[in-house]
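What follows is a single structure, written as structure tokens, with notes after it.
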Amino acid sequence: MKTLHKMNPWLYPVVWMILIFIGSSQQMSGDESFPIFSDKIVHFIEFGILSFLFFYAMVRKAVFEKRWNVFLCAVFFTLLYSISDEVHQIYVPTRDASVFDLIADFCGAVCFALTAKHIFRNKYN
């Protein structure tokens, strides 16, 4: 059995994107009441994790030599997926797209990618 470290690192963001897609495909019931901005926190965390996983995959596969390039690509790919997720939600009954969700996604992507940049600053060179 392969250890997690030996698995293809691109598997992690792909699986996470599938989970995000499944979650955003779920219809919302009218009974749910969330604390104010709690959905923005969820967006911040879920797309932050995606950005972290993109960063990790790119570092492991040595896509770029400079970590800032990895950072920019991780945030860019996360933002692209975030936009596609918001477009997807337009077609899900009881869901809608929101610019504020995109802002939360972007902020999470930047924060988590910066964290990954710090964590992996000396690893996988």
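Laboratory data are not the source of any read-out in this text; all were calculated from the coordinates shown. Quick caveat: nothing in here was measured; it's all calculated off a predicted structure. A quick note on method: Cβ atoms are made from the backbone with ideal geometry, for glycine too, and the neighbour counts reach across all protein chains shown.
Of the residues making up the stretch 59-72, not one is free of Cβ contacts under 8 Å to residues at least 40 places away in the same chain and buried (at least 17 other Cβ atoms within 10 Å of the Cβ). Residues in the stretch 93-113 that are surrounded by 14 or more Cβ atoms within 10 Å (Cβ to Cβ) and part of a loop (DSSP other than H, G, I, E, B): 95, 97, 98.
For the stretch 51-91, the set of residues classified as among the aromatic types (Phe, Trp, Tyr), more than 19 Å from residue 20 (Cβ to Cβ) and assigned to a helix (DSSP H, G or I) consists of 68, 71, listed by residue number.
Which residues, counting only those in the stretch 73-92, are more than 20 Å from residue 12 (Cα to Cα), surrounded by 13 or more Cβ atoms within 10 Å (Cβ to Cβ) and out of contact with any Leu (no Cβ under 9 Å at 6 or more places or on another chain)? Scanning the stretch 73-92 gives 88, 89, 92.
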